[in-house]
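Scroll down for the structure; my scribbles are underneath it.
What follows draws every value from the coordinates through simple rules; no lab data is involved. Note that the structure is predicted; figures quoted are calculated from it, not measured. Neighbour counts run over all protein chains shown; Cβ positions are idealised from the backbone, glycine included.
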Amino acid sequence: MQPRCACSILALALATGACKRGEGSPAAAEPAATATTTAAPTGEVAPTPVAAPEPAPPAVPGGGPDPLTLEASYSASIGSPNEGALQGGVPLPLSGPGYRFTPRKKPERRHGTVELVAALVRAAQHVHETMPGNTLTFGDISMPQGGEIAGHGSHRAGRDADVMFYLLDAEGAPAEGKAIPLDPEGKGTDYKDLAVGEDDVPVQIDLPRTWAFVAALLGDETLQLQQIYIVEHLRTLLLAQAKREKAPAELVQRFADVTCQPRFPHDDHMHIRVFCTPDDIAAGCNDVAPIYPWQRAFLKSHDSAPVAPPKRKTKRPKLTSVEEAREKAGPMHEDVVAFLDRRKAWVKPPHPGRTWCR
Ligand SMILES: [Zn+2]
């Protein structure tokens, strides 16, 4: 069964276990040869110089290079997030300090540009070091070479990543990161089997860690962050958290500028999108709206400018609607039905009036 659990799909479908668990293939550790000896004609054993072997790259869970060791030129994003491709895509390690790739998705769905993947890893590590104890769960990024990825309209050029919210249980202890829709108070329920009430576990957003993660991404100078798709009410809660912590006004304003609730609610995860780098633009990378004045200025300082994608060549993929997902989710007990009815109040898009989010 193809996983249909994407940012566009009601998380309650996720909770049904419709997504297959992916298999990782941990990289085998290669024994490192260092020198050989041969018998000299005299009978003495003389060392024969041999070329020093390349040092084995550090093994990361799931295989592939450590994204933190790669040059930006290793990868290139080609085309637009909706129709593009990915060259030299780097896999997000299946796990690392303070994070993991969701075990509910196939591991091939975790490839991105070096800039994106390295920044995600760094931001998660930062949270792990400053507020240890919880684990961030990443969802889909892109396929190894980009292109079509089931269940998404975008995620095709290695510049989009789905990120679950850090979660806590009802007592405030760290809880497993899952795509669970959260209400205007930042609360939700891990319904597990939707037809059974006894296995339900209440959860809530871990605001300090979720804010710390997005703040680290926004402060990462190797990354030009374009948008964070997130439901309006969680945006509001994160802004309040930033103010409580007296976060720098410029950072808070930048978060306010780049966050937007799209057509699908994004109440169970955030979707992070980054701009083309100047090198990627030279290789054929296209940016879609919005393009901020500060991004144009950044590109200009690198003798570059954004390039819009050509007219769409392929048909827009059909995405599962909230109603269809609800139908597919099968039988559900009355609390789930009540939550879904309540959820209608915030799935309606979007919230006009801001400069970059219409
Ligand atoms: Zn997404």
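Listing for the model above:
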{"item": "Trypsin sites (Lys or Arg not before Pro) restricted to DSSP loop in region 233-325 with at most 12 other C-beta within 10 Å", "result": "Lys246, Lys311, Arg312, Lys313, Lys315, Lys318"}
{"item": "Average silhouette area of region 151-203, convex hull of alpha-carbon atoms, in square nanometres", "result": "5.3 nm²"}
{"item": "Order of Met270, Met131 - criterion: other Cβ atoms within 10 Å of each residue's Cβ, fewest first", "result": "Met131, Met270"}
{"item": "Residue exposure sequence - His266, His302, His126 - by fewest surrounding Cβ within 10 Å", "result": "His302, His126, His266"}
{"item": "Spin-label model distance (nm) - Ala59 vs Glu334, 7 Å beyond Cα toward Cβ", "result": "5.4 nm"}
{"item": "Unit Cα scatterers, Debye sum, region 157-242: log10 I(q)/I(0) for q = 0.19 Å⁻¹", "result": "-0.91"}
{"item": "Charge tally in the Cβ shell below 13 Å around Gln241, where Lys, Arg are +1 and Asp, Glu are -1, Gln241 excluded", "result": "+3"}
{"item": "Pairs beyond 30 Å (Cα-Cα), from Lys192/Lys243; Lys328/Lys348; Lys106/Lys246; Lys106/Lys300; Lys243/Lys328; Lys192/Lys246", "result": "Lys192/Lys243; Lys106/Lys246; Lys106/Lys300; Lys243/Lys328; Lys192/Lys246"}
{"item": "Long-range tail of P(r) for region 67-107 (Cα pairs > 14 Å, %)", "result": "61 percent"}
{"item": "Percent of alpha-carbon pairs separated by more than 21 Å within region 235-335", "result": "59 percent"}
{"item": "Where only C-alpha atoms are counted, convex hull volume of region 82-140 per residue in Å³", "result": "84 Å³"}
{"item": "Residues Arg342, Arg156, sorted so that the one with the fewest Cβ neighbours within 10 Å comes first", "result": "Arg342, Arg156"}
